[in-house]
Structures are given as C-alpha cells and as structure tokens.
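**Q** Okay, here's the structure, questions in a sec.
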C-alpha cells in the first residue's frame, strides 16, 4: 500500500486504499482530504500536503529531528535484523503476533522502518510516521510491504480520532520537547478496545550523568561533523575499555570508570556502536522516565489492563471498549495509592518465568 498519486485524464487517483485515505485529516482545520495531482488538499481551508518520494508531507521541516533524518539515511539498513528486531520489539512492548495480525497499526517515530518491518511480517497494516526525512528511508525499505510512511508531527497528527487498532512508539517520545504531552496526544487516535505500547529511556540508573552534560554541546554540532568525530572516538574508547579489562585486579574498575565518564555504546558490531552512540549524543531532546510517571500517564488517559515490558521503561495498556482484556491487575489498582505502593514487577511475569536476554543486550546502553 505505498502512497502515490496517479492521474488518468482529468481524474486524480490515489493509490492509498480508500479506507486509509478516509482517515487522513487536515492538520490545520481537521477536515477530510482529497487526492490531487501532487499530493493531498484540504477542500475546507485549501491547505496542500505534497507527496514527495512516496511520502506525504504534513510538516514543512523536520525541526528538532534533523539528526535522525541524517542518521537513518546513513545507516538505512544497519538495524534491519529480523531476529534481533523481533525480540527487541516483543521485549519492549509485550505485543505479540496475534495482537497485530490483520490490525491497522500506527508506528510513531518509525525511523528507517525497523519495527514496522516486524509488524508487517506479523500481518499488520502499518502506517509509519516520522518527523524527520527518515520516513523516506522507511518507505524505501518496506516498499513491498503493507506499509505507508508519512512525515508528520506527533503533536499534530493527520488522522481522524479513534482510527487505529494498535499504536506503538519505541525509543522516540523521549526525544520530543514534551514526552508526556506527546503520549497523551496519541490516545485520541486509538479505537475503543485498542492497545497502545510505548518504550522510553529509564531514569532509574543515573549512569548517564556525564553524557547529559556532553549533550548540551554535542546536540549543537552539525550531525555530519559529530558523526565524523564519533567514527574516531568510539573505536578508541571501546578499545581502551577492552584493554583495561585485560589488566588484572585494577583493570575492570578502571574500564568501568572510563565508560561512566565517557559513555559510548558497547555493542560488538562496530557499525552499531557508532550508530547508537550518535543516536545518544545528537538529539536536542532526551528525557528519562520511571514506571511511576508513565503508569500515571496511562491512568490519566483512562487506559486499563496495564502491563510493563521485559525491558524498562515499557508500558502497554488498552482503551476501554470491546476487545480489551477485562481483568485489571491488582498491582495497577494499588498504584493509585502513590509511588511508594507501586510495584512494576507485579505487572510482569516473575523473574523465574522471564525468558528475555539481559537488558544491556538489547537497549542502546
């Protein structure tokens, strides 16, 4: 279902299926859109949304997401690993194949299409949106899939309310200027009974103190120059750490100190090491969160039957309505009493039943 416009004589035809065209809305006045020769137009206010390189553009610029556009153009296929992406997707969202098969799904911050690749292989029809030009990369990578990519802003999405059966966002909302606001804006687009899952950076472990200070400078560096610097710095720091660990007794603590003061990704794949380190230092915004915060966001939106993911910080919930799980975990009800009584572990399988790999094997750091 790639988005494109064709014209036969005077008649304009959108290759978007009619049901997907019907959910598009003007971001200015919220009216339905009409297909035009070079994109889509709002008949009510006249706003035009061009289609360029198979992506309909609902924003005029990529704003604070410029670094991600470069990142995913440069590393367009680095993370297209079906096995690892599928494991990562499940561990961070607790979504299963049966949750997505035959469903209309919104991928918020689709990047180059890593997780949309999983969702489409699981039988979902996926609409991917990204603020950056990474949407073009996703459209190219998934050109043969049941997938449409849009360039849009999470705070002004071009969809009718109550449209999607499932919405997920993995590692994206914490890169917006208002993570809580971005999440709460998504819920209106979820059908009654639909599920929503988000995964955010954890605020429990304070290992990132130094990197947060460096980011005050690094996010201002043009992303191409930052990438060039990291292509040298990351291998050097990674090699230094490995060398120090080989020294008996004092070596491992020294290696840990280097990693704490100069954090770089430790993935054994050298290209992924540079990619994930660039992903860490280039964004303008990067917030960290706790389960106490995120569960309350879900509760404030009326979402129910919450579960947390195998990898922090991931939460999934359902909008009230037909099709959602009926049982609300006791631990969720208890969480209303305050953070001191909230136990995220009570919402997930016990440690003895978990089969997931260690968190550090799947997350950026």
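**Q** Is there a residue being surrounded by 14 or more Cβ atoms within 10 Å (Cβ to Cβ), closer than 30 Å to residue 322 by Cβ, under 24 Å from the mean Cα position of the chain (by Cα) and modelled with pLDDT of 95 or more anywhere in the range 200-220?
**A** Yes, the range 200-220 contains at least one residue that is surrounded by 14 or more Cβ atoms within 10 Å (Cβ to Cβ), closer than 30 Å to residue 322 by Cβ, under 24 Å from the mean Cα position of the chain (by Cα) and modelled with pLDDT of 95 or more.
**Q** Also, quick follow-up: Among the residues of the range 280-311, which ones are closer than 26 Å to residue 76 by Cα and buried (at least 21 other Cβ atoms within 10 Å of the Cβ)?
**A** Selection gives 280, 281, 282, 283, 311.
**Q** Next question, about the same structure. Any residue that is under 27 Å from residue 290 (Cβ atoms), surrounded by 23 or more Cβ atoms within 10 Å (Cβ to Cβ) and touching a strand residue (DSSP E or B) at 6+ places or on another chain (Cβ under 7 Å) - is there at least one of those in the range 134-147?
**A** Taking every residue of the range 134-147 in turn, none turns out to be under 27 Å from residue 290 (Cβ atoms), surrounded by 23 or more Cβ atoms within 10 Å (Cβ to Cβ) and touching a strand residue (DSSP E or B) at 6+ places or on another chain (Cβ under 7 Å).
**Q** Something else about it: If you take the residues of the range 65-84 that are farther than 28 Å from residue 32 by Cα and modelled with pLDDT under 90, which of them is surrounded by the most Cβ atoms within 10 Å (Cβ to Cβ)?
**A** Taking the candidates together, the pick is 67.
**Q** Also, I was wondering about something else. Is there a residue being farther than 29 Å from residue 309 by Cα, in a helix (DSSP H, G or I) and out of contact with any helix residue (DSSP H, G or I) (no Cβ under 7 Å at 6 or more places or on another chain) anywhere in the range 180-196?
**A** No, the range 180-196 has no match at all.
**Q** Out of all the residues in the range 75-97, is one or more touching a strand residue (DSSP E or B) at 6+ places or on another chain (Cβ under 7 Å), in contact (Cβ under 8 Å) with a residue 12 or more places away in the chain and part of a loop (DSSP other than H, G, I, E, B)?
**A** yes
**Q** I would also like to ask the following. Out of (1) assigned to a helix (DSSP H, G or I); (2) outside the structural domain of residue 94 (by TED's automatic domain parsing), the odd one out for residue 221 is which?
**A** Unmet condition: (1).
**Q** Run residue 29 past the list (1) touching a strand residue (DSSP E or B) at 6+ places or on another chain (Cβ under 7 Å); (2) exposed (fewer than 13 other Cβ atoms within 10 Å of the Cβ) and report the number of the one that doesn't hold.
**A** (1)
**Q** To continue, here is another question. Could you check how many residues of the range 27-69 are assigned to a strand (DSSP E or B) and more than 17 Å from residue 159 (Cα to Cα)?
**A** The qualifying residues number 2.
**Q** Could you tell me which of the residues 335, 350, 340 is at pLDDT below 50 and surrounded by 21 or more Cβ atoms within 10 Å (Cβ to Cβ)? Step through it out loud before you land on a result.
**A** Details: 350 fails: surrounded by 21 or more Cβ atoms within 10 Å (Cβ to Cβ); 340 fails: surrounded by 21 or more Cβ atoms within 10 Å (Cβ to Cβ).
Result of the check over 335, 350, 340: 335.
**Q** Pull up the range 110-129, narrow it to residues that are surrounded by fewer than 24 Cβ atoms within 10 Å (Cβ to Cβ) and assigned to a loop (DSSP other than H, G, I, E, B), then point me to the one that is farthest from the chain's Cα centre (by Cα).
**A** Only one residue tops the list, namely 123.
**Q** For the range 221-233, which residues satisfy the criterion of being closer than 20 Å to residue 259 by Cα and surrounded by 12 or more Cβ atoms within 10 Å (Cβ to Cβ)?
**A** 226, 227, 229, 230, 231, 233
**Q** Something else about it: Mind listing just one residue for me: the one in the range 131-145 that is in contact with a helix residue (DSSP H, G or I) (Cβ under 7 Å, 6 or more places away or on another chain) and not in a helix (DSSP H, G or I) and, of those, modelled with the lowest pLDDT?
**A** Looking at residues that are in contact with a helix residue (DSSP H, G or I) (Cβ under 7 Å, 6 or more places away or on another chain) and not in a helix (DSSP H, G or I), I get 133.
**Q** Right, next: Got at least one residue in the range 187-195 being within 30 Å of residue 74 (Cα to Cα), surrounded by 13 or more Cβ atoms within 10 Å (Cβ to Cβ) and either assigned by TED's automatic domain parsing to the domain that holds residue 23 or in contact (Cβ under 8 Å) with a residue 24 or more places away in the chain (or both)?
**A** No, that holds for no residue.
**Q** While we're looking at this one, here's another question. Is one or more of the residues making up the range 255-262 under 19 Å from residue 207 (Cα atoms) and either outside any helix (DSSP H, G or I) or touching a strand residue (DSSP E or B) at 6+ places or on another chain (Cβ under 6 Å) (or both)?
**A** Yes - at least one qualifying residue is present in the range 255-262.
The values are calculated or read from the model by the stated rules, or taken from the named source; none is laboratory data. The shown structure was predicted, so the numbers you read here are calculated from the model rather than taken from an experiment. As a convention, Cβ positions derive from the backbone with ideal geometry for all residues, glycine included, and neighbour counts pool all protein chains shown.
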